[in-house]
Amino acid sequence: MSDFENLSLDKKSSPVPLVLSLIAALLITAALLSGYLYLRKKHQAEILATQQAQQQPAQAPPKVEVVENEALLKGSQAIISGSVRNISQEPLADLSLELELKRRAGGDSEIRTVQIAPDDLAPNEQGDYALSLDSHSYSGAKVLRLRSGSQSSPLVFRTLPGNPRPPERIEHSNTIVIVKPSPRHGNEFINTPDNPSRVP
């Protein structure tokens, strides 16, 4: 047998093409399986999100309307004030407001409870709240929660902007300038039409 025939037999009996074909088939199968699992997982997540959205109850309508006035500066004090109106069809008792106060130093927050006067509101009745703060210690405040003593969970409310901060008055000082005439010396005189003088 010639060398050419031996080379042809070696090529025919080589397992390399078969191995490459098997590897390619495995890669294609793995890719198809991964794509199928990804699409299945995504579809299940969409179904779960839809079911949860259908199971969640609709948010209750607000029972209270809170009006927030802009802070009023009086010297070193900042007055946080506003009003609370019962817009529901039921009386609300023992009302209190929770404010989130922003500190200037460090930017930390502090929760402060403020009573409403009067704290018992019939439908369409209104109460007021006010809190005095050191303007050098706090930089802002916002309504966080509204509670009623007769209900364990916070009340649903909506907020509206209230009275804007009045412009600050700038006091102008009036300066009066008094001009004194220069004193006369010796025989000085004034040459005027009423008192003419002749030059020799």
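Once you sort the root eigenvalues of the Cα gyration tensor of the range 85-150 as a ≥ b ≥ c, which label holds: rounded (a/c under 1.5), prolate (a/b larger than b/c) or oblate (the other case)? Judged from the Cα gyration tensor, the range 85-150 comes out prolate (a/c at least 1.5, a/b above b/c). Of the trypsin sites (Lys or Arg not before Pro) in the range 57-117, the ones in a loop by DSSP (not H, G, I, E or B) with at most 13 other beta carbons within 10 Å are ARG104.
For the range 35-123, rounded, prolate or oblate, judged on the Cα gyration tensor with a ≥ b ≥ c (square roots of eigenvalues), a/c < 1.5 rounded, else prolate if a/b > b/c? Oblate.
Each reported figure results from applying straightforward, stated rules to the coordinates on display, with no laboratory input. This is a predicted model, so every value here is computed, not measured. Glycine also receives a Cβ, built like all others from the backbone with ideal geometry; neighbour counts cover every protein chain displayed.
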